[in-house]
Structures are given as structure tokens and as C-alpha cells.
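A quick write-up on the structure given underneath.
Derivation of every value follows stated rules applied to the coordinates shown; laboratory data play no part. What you see is a predicted model; the values in this text were computed from it and never measured. All Cβ positions, even for glycine, are placed from backbone atoms using ideal geometry, and neighbour counts span all protein chains on display.
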Amino acid sequence: MIESLHHLPHAAGTHAALSERFTDLAPALTARQAAIESARCLYCYDAPCTRACPTGIDVASFIRNIHEGNVDGAAVNILKQNIFGGSCSRVCPTEILCEDACVRNHDAEGQPVKIGLLQRHAIDNAHFAGHPFQRAPSTGKTIAVVGAGPAGLACAHRLAMLGHDVVVFEARDKAGGLNEYGIAKYKLPGDFAQREVDFLLSIGGIEIQYGRVLGGNLHLQDLHTRYDAVFLGLGLGASRRLGLTGEDAPGLAVAVDYIATLRQAADLAALPVPRRAVVIGAGNTAVDMAVQIGRLGAEEVTLVYRRGVEAMSATDHEIEIARANGVRIRTWAAPHEVLLDDAGRVRGMRFEETRLLDGRLAGTGAFVDVAADAVFKAIGQHMDAGALSDPLAGEIEREGKEGELRIHVDARFRTKLPGVYAGGDCVAPGQDLTVQAVQHGKLAALAIHDDILSKAEA
Ligand SMILES: Cc1cc2nc3c(=O)[nH]c(=O)nc-3n(C[C@H](O)[C@H](O)[C@H](O)COP(=O)(O)OP(=O)(O)OC[C@H]3O[C@@H](n4cnc5c(N)ncnc54)[C@H](O)[C@@H]3O)c2cc1C
Ligand code: SF4
């Protein structure tokens, strides 16, 4: 996936030493810290944190459980709304979700309750004898789920709870979607993502078939005929292009491809690492890429964005992480030309300085060169058109800009094709967050269940 970087030197140091740089970003709370932190919660009536959580976790209630020493109860409270409560506690941008809404932001302390860390404390310290949820009696129905990411698996788990059998079709050879292949290694270290998948599957009734690619060796028409309903949780598998000459030159790579390779690397010391890296983009993927390549040993890392810092989609917290890791952030500069050396390899990137002219982004005509041995594109993902290429899939309405279309769904995650539902990053509404994908999957499962029951009654 990152063949274009194979001419670069390998990361300096041993795998063990490099791994040390990818341990947990934030240390876990001790039991004593959790007790003190949980005592700060005011247990608000109509708690704003719960309204701000996309999965609607009853935050005050699980924090009260922790305060009372009932960690298992707290974990069940979290998991009944969000079966990915463990990974969400680590990856949610809480500073724009639950913690942003905490009333403690506005009292003398001016600090929200550490909801994410308390959630993590509950999930990590719960001890269940078996899976905490029972399956309802069998409905005799089987649902196909395409994509084993947070959306697909959250849907599969809820369907299994409701008594349906589920077959998940996954293109890759591991489940978890971007939890396994995309999220920064220091947010979900070790085998956390796989352990969470194993926990989720332990409810029973879910089979996963790997290496099954919708639009390749799997067709929507067959799924539609063979199963009682189909859920699509395809994510955004294709990367945007810069549209510049030299884009495929050695030294230019797609950030998500590098991150996936890093996440799967058995030996971090075998990864190619440039001395100077440029990352183009402004979102969390760009920040994750910049921080991780720095931690692997790149000496100079420059993140370049065509607008100002205030327009970056990475949260302030992420931008602080980038700065704390020595990433230089260069704004108001748009990619203009890939600079190549005599051997045709990347030696840098030329940017045109930009400004706002009558509210629109415009080039100034001034150029700046940034030297780099590798340039990583983190300029956005879109849906892989190949997945929905069979004739039946053509009936699924899409929306958005040309080349960046996503699946159109109604408020209950139904597509225009009866019996076919979709959720997660591949659908139009949303913020492209793990927690939101989980909520889409959960709500789609409830809609599938209701629709199947109403059909049976009719
Ligand atoms: C680098 C990166 C960092 C991120 N960091 C954060 C973060 O810190 N916090 C946060 O909340 N969110 C983060 N996100 C966003 C978050 O990961 C996604 O919103 C979430 O994973 C979406 O879940 P999903 O199930 O819709 O899609 P995905 O996780 O992408 O899963 C889709 C699954 O479908 C499979 N699939 C795709 N096409 C096919 C096909 N044709 N046939 C069969 N299977 C198919 C894929 O292999 C994959 O397993 C990050 C994203 C990226 C790219
Ligand atoms: S799932 Fe995320 S947003 Fe919801 S309460 Fe937990 S950390 Fe906050």
C-alpha cells in the first residue's frame, strides 16, 4: 500500500523502543482518581452531556455507579447504548461532545468532569461472567451486514440482541474497520480493537465472512434476494487526489494507507520513515499522520493547510497534540507542484500562498517551497464507487458533490431501495466520528427490526 516509500530509510531503533512511543496518549485513572472525579459530577437533571453524546449514554447515571463502587453497573449502562463504549472512551473528541456540554465548564473550576476517562475506567475494570446482554428469542430472520467497521458491527450486535441472525461480509481480513486500520496507534494501542470485536461477537448469532467485497465477489442483488434485510456500513474507502503532475511519484503517499500499514506492522523498525515530511490536510487524519511520523523518527514534520487554523477541522485539542509533538503548522498555502529530484523522487512541495478575496479562497501568486523526502496526502476520503456498481445498487440514491457522493438515507437509515439500510461514514448526514457510526448502526438495527415485524404482522 505504501510501495511509493520503499526507497526511504527504515525507522531508527528497535521495534520495542519505537513501540514505547505509541503507548496510551492519556494515562488511565486509578481507582482513587476515578472515585474523586466521579464525585465532581452534579448529576444534572436532563443532563446536557447525555444530549451531546451521539449515542445518548446516560452519563450522570454511569458516573453515579462509579461513585457508588458499582463499576460493572457503570459498564452495562454505557454498553447498552454504545457497544463500542471502550474505543469511544479513547477516541471520542470529548472536547466537542459530552465534556463540552458539562456544566462544570462554567463554575469556578472551569473544568469539565473527565467523562471520557471515567467511561474508560468503567469499561476497562468491569468483570462480566459472560456477555452482559441476552439475546431475545430467535426471530428466524437473517440480516446481511456489509462492512465490519463500527457502524456494521454496532448494527450486527443490536440485531443479534433482538433475536436475528447476522452474516457480516468484510472486504479485509480483520474486523473493526478504522478502529483496526485507521485510528492513531497511541489512541487504541496494542490489540484493543480486536479484543473489543471479540467481546462484541461473544453475544452469539453473528458470523463474519472475510475477503468478501461488495462490487467484487459479492453482489447486492444476491444479498437482497437471500437475506431478510441488508445493512451497508462501507465507510469511505477511496482517497481524494491532488490533481497535480507527479502525484504518483516515489515519495508521495496517502496518509490513511501509511497509518493502516503502521497499525498492522509487526516490526515498526521496518517502516520507511522520511527525514523531512510534509502532510497536506487539516483534519484529524492529517494531525494523526504528522504526529505518528514524528514519533517514528522524522526530524522535520510540516502540516500544510490552504486556509487558516480556525478553519481546520481537527479539534483544538488535536492541534495542541500536534504542536506538543513538534509538528510545524503552515497555513494559507495550497499545493501547487510536486518537486522531484533527478531520479524522479519527491524532494519537496511547492505551495501557492492563499488569502480570502470577497470571501473566496484565492492564490496570491507568491510561492513557497517546502523540502521533504515524503509528502502525505490527508485531504479527505470518499466512498469507493465500485462497491455500489451492480444494477440494483444503481437504485440507491446518493447525494453530495460529484465524485464525493454518499448514500442518501431517511431518518431511520433506510435507503431508497426497500430492505436496504446504510449508516456510518458512507451516508450523507454526520460528522465522520466513531461514536456517530455506532449510533447509525444501532438505529438502523432498530429500524430493520421494526420493519421486519410490521411486514410479518401485515
Ligand atoms: C486516520 C483516521 C483517524 C481517525 N480518528 C478518529 C478519532 O480519533 N476519533 C473518532 O471519533 N473518529 C476518528 N476517525 C473517524 C472514524 O474512524 C470513522 O468515522 C469510523 O470508523 C466510521 O465507521 P464506519 O463503520 O462507517 O466505517 P469504517 O470504519 O471505515 O468501516 C468500514 C468497513 O467496511 C469495509 N468495506 C468497505 N468497502 C467494502 C466492500 N465493498 N465490501 C465489503 N466490505 C467493505 C471496510 O474494510 C471496513 O472494515 C478517524 C478516521 C481516520 C481515517
Ligand atoms: S461515547 Fe463519547 S461522546 Fe458519548 S459520553 Fe462517551 S466519550 Fe462522551
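Measure nothing fancy, just the Cα-based angle from helix 192-201's long axis to the longest principal axis of the chain, in degrees from 0 to 90, nearest 10. It is inclined by approximately 30 degrees. How much FRET efficiency would the formula 1/(1 + (r/R0)^6) give for Asp24 and Glu3, where r is the Cβ-Cβ distance and R0 is 35 Å, rounded to 0.05? Computed FRET efficiency for Asp24 and Glu3 comes out at 0.65. Contact order, relative form, for the chain: 18 percent (alpha carbon pairs under 8 Å, 6 or more residues apart, mean separation divided by residue count).
Computed from the Cα positions only, the extents of the range 22-125 along the three principal axes stand at 32, 28, 26 Å, in decreasing order. The distance between label points at Lys80 and Arg350 comes to 6.3 nm (points 7 Å beyond Cα on the Cα→Cβ vector). Between Ala266 and Asp390, full extension at 0.36 nm per residue minus the direct alpha carbon distance yields a gain of 40.9 nm.
So if R0 is 25 Å, what FRET efficiency would Glu207 and Gln33 give, r being the distance between their Cβ atoms, rounded to the nearest 0.05? The partial results should precede the final answer.
On the way: r = 41 Å, r/R0 = 1.63.
The value I calculate is 0.05.
Between Gly215 and Leu220, the built amide H atoms are under 5 Å apart, and every one of these is 5 or more places off in sequence or on another chain.
In the range 189-310, the inverse of the mean reciprocal separation of distinct Cα atoms equals 18.2 Å; this is its Kirkwood hydrodynamic radius.
For the range 312-320, 3J(HN,Hα) computed residue by residue from phi via the Karplus equation (6.51, -1.76, 1.60; θ = phi - 60°) reads 5, 7, 5, 6, 4, 4, 5, 5, 4 Hz, glycine and proline entered as x. Seen against the Cα atoms of the chain and their longest principal axis, helix 255-264 is set at about 60 degrees. Projected label points at His317 and Arg241, each 7 Å from Cα along the beta carbon direction, are separated by 3.7 nanometres.
From the C-alpha coordinates alone, can you work out the Kirkwood hydrodynamic radius of the chain, in Å? Show your work: numbers first, answer last.
Details: mean 1/r = 0.0427 Å⁻¹.
One over the average 1/r among Cα pairs gives 23.4 Å for the chain.
The value given for the range 380-458 is a Kirkwood hydrodynamic radius of 13.3 Å, derived from the mean inverse Cα-Cα separation. One chain, two ends: Ala108 and Gln194. Fully extended at 0.36 nm per residue, the span grows by 26.8 nm beyond their Cα-Cα distance. Using the Cβ-Cβ distance between Asp341 and Ala12 with R0 = 25 Å, the FRET efficiency computed as 1/(1 + (r/R0)^6) comes to roughly 0.65.
Rg then Dmax, both in Å and based on the Cα atoms of the range 241-379: 14.6, 51. Helices in the chain, meaning DSSP H runs of at least 4 residues, each add -39500 (n - 2.57). Divided by all residues, the mean residue ellipticity at 222 nm is -9000 deg cm²/dmol.
Note on the chain: with charges restricted to the Cβ of Lys and Arg (+1) and Asp and Glu (-1), its dipole about the Cα centre is near 300 debye.
Relative to the current alpha-carbon distance between Glu95 and Ala324, full extension at 0.36 nm per residue lengthens the span by 80.7 nm. Simple rule: put +1 on each Lys or Arg Cβ and -1 on each Asp or Glu Cβ in the chain, find the dipole, and look at Cys155, His440, Pro137; the Cα lying farthest toward the positive end is Pro137.
Run through the DSSP bridge list for the chain and note the antiparallel percent, rounded to the nearest 5.
Working: 22 of 57 bridges.
If I count the DSSP bridges inside the chain, around 40 percent turn out antiparallel.
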